[in-house]
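Here is the structure we will look at, set down as structure tokens.
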Ligand code: NAD
Ligand code: UDX
């Protein structure tokens, strides 16, 4: 049983802390948000992450998880201190805002114990060189006699399957100038039996950015192919399948749609491009990936304009608001941009989401939220699937069609079988799955339906 402190009880900190406790370690979750800590103490998970709430309760009962807002309580006894605070895009440039990392590192340094060795592990996604910068902060603020080492341990979990990703990671990456410290951190992960890569600090930090950039590149690549498919009459779903059987390519992250969102890909690509710019480079591939992704959100507007004509006064329903299914996270969610663009055009927008509705309403004033997917369809001129939650997979399309003012479905994730939707009397429009629907097709259906 090791004594571990995790600073930042968000998606990453909670997952890391609770899963490490589940492996038998003694974990203190430390966060400056008093409400968050109070909830955790009550066994309430402050985020939506499947399976993590149950693990929190079990480990609270077992006495292996403790939560506090006090550095003085959490840090002095810890052998390992993870930093897992947010690193959002800065206000003044595209780089990462390191103010939370700086505050956490400073406060933790002040609370290190003299005469005791602590390993400080950076789990936040941070610009290359931040590990050295954190080591400097520790050197400035730690009490005389405190011994410490800094290890970079980037996190690769996906929201919605974070517990599984912790328990069965594809790899663990550790970077440090102190190899012994990295090896000690490696012992925390041995039960996962994953490959463990030990490297230097900067390389570890770069592995994280390069991995996210590569996955995002695959998505923008397939979205560009989808656009070409659409003009030339090919089906991108089958193209991805056909490509994916090539073992050099693989099928993962080739789902065309409204593009990537979330708290990582967009901001990490921007930060990597910013670092390259600062280094005097010209990161043209990264820029193209971001540009294509922005355009995918606009594509929904283009499709609606083409099919509905003027959007002013129309009603559009959005199925799904979070950036992906099985999370309540709305950071950089495509649905929010789509809703804002529609509202600007004078459209009435209604949305339904199993986990993100309350927050979405706060973020997009004017967005109406409704209680069921069927309510979204009521009186709408079009329904747009933005987030492929499971509960949208088996909707009663006959019922939906009756609710709609015009029988139009835009499938922003290519989730549905087009023929099934068409057989219920709707016009189906996906992303890159054959030629675009001619506006006339909708008019004739609409004629019957209105
Ligand atoms: P988050 O916003 O969900 O959580 C961050 C938490 O840190 C918040 O609860 C906040 O109150 C707390 N905090 C801020 N300043 C603090 C301080 N000085 N002391 C103590 N607590 C403080 O963030 P997240 O999504 O968990 O991301 C954390 C880091 O992990 C980021 O760098 C992110 O890029 C990276 N990451 C995130 C994911 C993901 O899927 N969310 C995956 C991999 C890596
Ligand atoms: C991502 C990385 O996968 C993870 O390794 C990293 O730690 C954090 O960022 P996450 O953002 O949780 O994880 O979700 P992910 O499943 O990667 O999806 C990101 C976005 O890409 C979502 O908006 C998703 O809808 C979109 N996506 C994903 C596609 O549009 N097409 C795909 O083929 C895959």
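Laid out as a table, the results:
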read-out: Boolean, residue 225 is within 16 Å of ligand 1 (Cβ to nearest atom), on the phi < 0 side of the Ramachandran plot, not assigned by TED's automatic domain parsing to the domain that holds residue 27 and not in a loop (DSSP other than H, G, I, E, B); value: no
read-out: Of residues in the range 1-25 being in a strand (DSSP E or B) and crowded, with 19+ Cβ neighbours inside 10 Å, the one farthest from ligand 1 (Cβ to nearest atom); value: 4
read-out: Residue within the range 77-93 that is farther than 24 Å from residue 186 by Cβ, assigned by TED's automatic domain parsing to the domain that holds residue 135, more than 11 Å from ligand 1 (Cβ to nearest atom) and in contact (Cβ under 8 Å) with a residue 60 or more places away in the chain present; value: yes
read-out: Hits in the range 183-195 (condition: surrounded by 14 or more Cβ atoms within 10 Å (Cβ to Cβ) and touching a residue at least 24 places away in the same chain (Cβ under 8 Å)); value: 184, 185, 188, 192, 194
read-out: Any chance residue 400 is modelled with pLDDT of 95 or more and within 28 Å of residue 231 (Cβ to Cβ); value: no
read-out: Residues (surrounded by 16 or more Cβ atoms within 10 Å (Cβ to Cβ) and part of a loop (DSSP other than H, G, I, E, B)) located in the range 26-50; value: 31, 32, 45, 46, 47, 48, 49
read-out: Residue among 204, 240, 182 that alone is within 15 Å of ligand 2 (Cβ to nearest atom), within 25 Å of residue 272 (Cα to Cα) and assigned to a helix (DSSP H, G or I); value: 204
read-out: Residues satisfying the stated conditions in the range 156-182, i.e. crowded, with 16+ Cβ neighbours inside 10 Å and within 14 Å of ligand 1 (Cβ to nearest atom); value: 156, 157, 159, 160, 162, 163, 165, 166, 169, 172, 173
read-out: Residues being touching a residue at least 12 places away in the same chain (Cβ under 8 Å) and away from ligand 2 (no atom under 16 Å from the Cβ) - total across the range 321-350; value: 10
read-out: Spans of strands (runs of 3 or more DSSP E) in the range 366-438 with at least 2 residues without any contact (Cβ under 8 Å) to a residue 40 or more places away in the chain and over 26 Å from the mean Cα position of the chain (by Cα); value: none
read-out: Filtered residue count, the range 119-142, keeping only those that are within 27 Å of the chain's Cα centre (by Cα) and assigned to a loop (DSSP other than H, G, I, E, B); value: 7
read-out: Near pairs, Cβ below 8 angstrom, 6+ apart or cross-chain, from the range 213-224 (more than 11 Å from residue 293 (Cα to Cα)) to any residue that is part of a helix (DSSP H, G or I) and modelled with pLDDT of 95 or more; value: 213/268; 213/269; 213/272; 213/286; 213/289; 215/265
read-out: So residue 253, is it within 16 Å of ligand 1 (Cβ to nearest atom), assigned to a helix (DSSP H, G or I) and surrounded by fewer than 20 Cβ atoms within 10 Å (Cβ to Cβ); value: no
read-out: Qualifying residue in the range 245-259 (condition: at pLDDT 95 or above, within 12 Å of ligand 2 (Cβ to nearest atom) and over 21 Å from the mean Cα position of the chain (by Cα)); value: yes
read-out: Output for the range 133-155, where each listed residue is touching a strand residue (DSSP E or B) at 6+ places or on another chain (Cβ under 8 Å) and surrounded by fewer than 18 Cβ atoms within 10 Å (Cβ to Cβ); value: 147
read-out: Residues of the range 62-118 satisfying the condition of being within 16 Å of ligand 2 (Cβ to nearest atom), buried (at least 19 other Cβ atoms within 10 Å of the Cβ) and in a loop (DSSP other than H, G, I, E, B); value: 84, 85, 86, 87
read-out: Residues (within 19 Å of residue 83 (Cα to Cα), within 7 Å of ligand 2 (Cβ to nearest atom) and out of contact with any strand residue (DSSP E or B) (no Cβ under 9 Å at 6 or more places or on another chain)) located in the range 156-168; value: 157, 158, 159
read-out: Of all residues in the range 256-280 being away from ligand 1 (no atom under 16 Å from the Cβ) and assigned to a loop (DSSP other than H, G, I, E, B), the one that is surrounded by the fewest Cβ atoms within 10 Å (Cβ to Cβ); value: 280
read-out: Residues that are more than 8 Å from ligand 1 (Cβ to nearest atom) and either within 20 Å of the chain's Cα centre (by Cα) or touching a residue at least 40 places away in the same chain (Cβ under 8 Å) (or both), drawn from the range 102-118; value: 108, 111, 116, 118
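The values are calculated or read from the model by the stated rules, or taken from the named source; none is laboratory data. Predicted model, so just to flag it, every value in this text is computed and none were measured. Neighbour counts are summed over all protein chains in view; Cβ atoms, including those assigned to glycine, are modelled from backbone coordinates with ideal geometry.
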